[in-house]
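Notes follow the structure.
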Amino acid sequence: MSPLPRLIPCLDLADGRVVKGIRFERVEAVGDPVALAQEYERQGADEIVALDIAATPRGREANLEIVRAIADAVTIPLTVGGGVRSVSDATARLRRGADKVAINSAALRDPTLLRRVADEHGSQCVVAAVDVRVEGRGWTVVAEGGRRPTGREAVERCREAARDGAGELLVTAIDRDGTGTGYDLALYTAIRARVPLPIVASGGCGTASHVVELFRSGSADAALLASRLHTGRLTVTEVQAAMSEAGVPIRREAAP
């Protein structure tokens, strides 16, 4: 039996606040990470992802006290990313309560990093984050918060991450990020056909029907939701209701 689909709110963090943007640009603060994490758990979220989007581009350390605060505030699994450059960086986040660590740019620079973290903590703790842009009829990988083209083909990069020890993929379609135009189903279908790892789809969620469409396509195991949740235009509970109506199973109910 296939695992039930997951709904995962994403907290993009900068300077201690949750922020939102469009295609990784025009970023603005929208709220407190701990309060939002608690609210999304109450609404029925299956997991939380918290990404320090300023750490890698600015070359600084992530705020690990925020990691601890979020982990202490929720009971659902927490994935943390941003600024993870070494095994010790991953270990520090896991010791502060994270269940999984997302690694992006550093794994492109050092192909051994995913394997070394997996050897230390298990592949179930390792999420390979892959940011992609449409290029011609395919997709290319970008790094450093979308600022640096790598020339790497996205599906092949996901295959490499699987071979290198990742236990899950977090794939963001930057062209869809913050637009509310729907997930890039072709991208996730292409990855699904070639890579035997769970896929978290990120970028483009605007309505509950977009999530239903994603899960019905069978191209992803989890849907990341961000800006529409943060602005109150959509709730996890509303997405669950749409899924239930469409016959898509849900993992957990909203708190009473």
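What follows is calculated from the coordinates using simple rules that are stated; it is not laboratory data. Please read these numbers as outputs of a predicted model, since none were measured by experiment. Cβ placement follows ideal geometry from the backbone for every residue including glycine, while neighbour counts extend to all protein chains displayed.
Worth a mention:
- Where labels lie 7 Å past Cα in the beta-carbon direction, separation of Arg42 and Ala193 in nm: 4.5 nm
- Volume of the convex hull of the range 55-168 (Cα atoms only), normalised per residue: 98 Å³.
- Distance (nanometres) between label positions extended 7 Å along Cα→Cβ at Glu156 and Thr91: 3.5 nm
- Cα centroid of the range 33-52 to Cα centroid of the range 187-206, whole Å: 22 Å
- Built amide H within the under 5 Å cut-off of Arg6, gap 5+: Ala222, Ala223
- Taking the chain and dividing mean pair separation by its residue count, relative contact order in percent (alpha carbons under 8 Å, at least six apart): 20 percent
- Residues whose placed amide H lies under 5 Å from that of Asp175, excluding near-sequence neighbours: Val134
- Distance in nm between pseudo-label sites at Gln124 and Ala186 (7 Å out along the Cβ direction from Cα): 3.7 nm
- Likely footprinting exposure, Arg6, Arg68, fewest C-beta neighbours within 10 Å first: Arg68, Arg6
- Viscosity 1.306 mPa s, 10 °C: Kirkwood-radius Stokes-Einstein D of the range 6-245 over Cα pairs, µm²/s: 91 µm²/s
- Here Arg147 and Ala255 are evaluated by their C-beta separation; at R0 = 45 Å the FRET efficiency comes out at 0.70.
- Karplus (6.51, -1.76, 1.60) ³J(HN,Hα), θ = phi - 60°, over the range 126-142, in Hz, Gly and Pro reported as x: 10, 10, 8, 8, 10, 9, 9, 10, 5, 9, x, 9, x, 9, 10, 7, 10
- The fewest-to-most ranking of Glu160, Glu41, Glu153 by surrounding Cβ atoms within 10 Å reads Glu153, Glu160, Glu41.
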